[in-house]
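Have a look at the structure below before the remarks.
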Amino acid sequence: METCYLSAQQLRRLYETRDLSPVEVVNAQLARIEALDPGLNAFVTVSAEQALHQAAAAERAFAAAEDAPALAGIPFTLKDLTATAGIRTTRGSLLYADWIPDYDAPLAQRLLAAGGILLGKTNTPELGWKGDSGNRVNGPTHNPWKHGRTAGGSSGGAAASVALGMGVMAQGTDGAGSIRIPSGFCGTFGHKPSWGLVPQYPASVVPLLSHAGPITRTVRDAALFMDVTVGPDPLDSFSLPASLPASDGAKTTFVDALQGDIAGLRIAWSPDLGSAAVDPEVSKVAAAAARRFEELGCYVEEAHPPLDDPWEIVHTIWSTGFAGAYRDRLDEVREQMDPGLVQVIEAGLQFSAADLAAAYLRRDAYFHGWRTFLQNYDVMLTPTLPITAFEAGLDHPGQIQGQSTTYLSWTAFTYPFNLTGQPVASVPCGFVDGLPVGLQIIGRWRDDPTVLRVAAAFEALAPWPHPPEA
């Protein structure tokens, strides 16, 4: 297997036997970025000097037979919304184009402390506002399966880079689907952890919707990312302890929780959650993948809760969050901001405080509708997205099955679970016209281990390929 596609576990074994060195791997990764990224545009900043320094430190640790930390020598990337000390962090915005933080975000601190090697910062739309990664600082990120199509957003650079073997794991954030959208479009694995498990600082403008988590090529690497990054941090007042329920009491890590078959699980499948417009070919691929869980001994039936599409709740919270952040200086910065984001801010300014309070009340009722429904099932399956990747640089697809779309309204399978805070993963499950289709796995409240175990079982049953390289 090519070095660039080795998993964290495989790299660790080769480091320990001295058959491969962290410096060799990082040099290969940097050469790959130099060769492939000009056509992909996944990276905003490549931290080559720092990466080689970190690789040398990891190499010394393995040579001395030291007890190297969990991610020693493992290359990773950070989304360009995540603060990094001494490394430019543009947030996809002309307002922050030259910002160099003097601190690392908690998530960055944890990955670096675990020995991870930071390759660089990946592309995102301005402040993560939409489901494509185009911005006025760096332009759009292209899909690794087809140039000219979007990698998705807002963690599009993260998913595109991982798909093409530029880094073992990537960090994404997800306020309405921003881990799962690019994972679905790029054919990678993405996990939106339960809300609050991975601390975030600075806080999102929509902190009660926002999650941080991994985008990887394997489920095991995502579980390892979780093991390193979960847990409370004083910088994030919403951060929570890790949740690792296990009836036998033996599973102490997310990697451990991947063990065991999933026979006997009760699984609900919905092609549309009762209201979403979906491309029939995408639905067909996802439905076939859902049926494959019967091969694993699961009970699969079509069902979904009797809940209305919560888009208006999301739009109210999302737009007022951005409006609150920029209302006092909108006239000053308007010309420097993405016009689509300005429209979202202006929409948010039309809502009252009572409108926002009502949206949060509706959000609570929506959560309890899902909680009640999932008392009868272990997990829920849907398509990750209603379509395959649209044109790179567009704010949204424009229409789906004759229905007009807005900036995030088209992501009808992803934003519901930012409202509920449930753990959700996207696994690659097939293709339509050469572009990836994702299957979404939705878990009960704080039951990340089951979601990851189900994803790992599907990965073993139906391994997903790497994109062809031009």
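Since every read-out is calculated from the coordinates, none of them should be taken as a lab result. Predicted, not measured: the structure shown is a model, and the values here were computed from it. A quick note on method: Cβ atoms are made from the backbone with ideal geometry, for glycine too, and the neighbour counts reach across all protein chains shown.
Below are the figures for this structure:
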read-out	value
Spin-label proximity, A35 to the stretch 73-115 - amide N less than 20 Å from point 7 Å beyond Cα toward beta carbon	75-77
Sparsely packed trypsin sites (Lys or Arg not before Pro) within the stretch 1-65, loop by DSSP, other Cβ within 10 Å at most 13	R18
Whichever lysines have a C-alpha closer than 23 Å to that of K146, once near sequence neighbours (fewer than 8 apart) are set aside	K79, K121, K130, K284
Near-label residues of the stretch 388-425 by backbone N, under 17 Å of a point 7 Å along Cα→Cβ of D433	388-394, 396-403
Computed lengthening from D98 to Y360, 0.36 nm per intervening residue step minus Cα-Cα distance	90.8 nm
Residue order, fewest to most surrounding Cβ atoms within 10 angstrom, among M337, M226	M337, M226
Relative contact order of the stretch 280-348, defined on C-alpha pairs under 8 angstrom at six or more residues apart (%)	31 percent
Helix-derived mean residue ellipticity, 222 nm - over the chain, DSSP H n ≥ 4, -39500 (n - 2.57), to 500	-10500 deg cm²/dmol
Contour excess over end-to-end distance, with Cα ends at L235 and Y299 and 0.36 nm allotted per residue	18.8 nm
For the chain, the longest site-free run once GluC sites (Glu not before Pro) in DSSP loop states with at most 15 other Cβ atoms within 10 Å are removed	67-468
Stretch gain in nm, segment E335-R292, where the contour uses 0.36 nm per residue and the Cα spacing is subtracted	10.4 nm
Percent RCO, i.e. relative contact order, over the chain, from Cα pairs under 8 Å lying at least 6 residues apart	17 percent
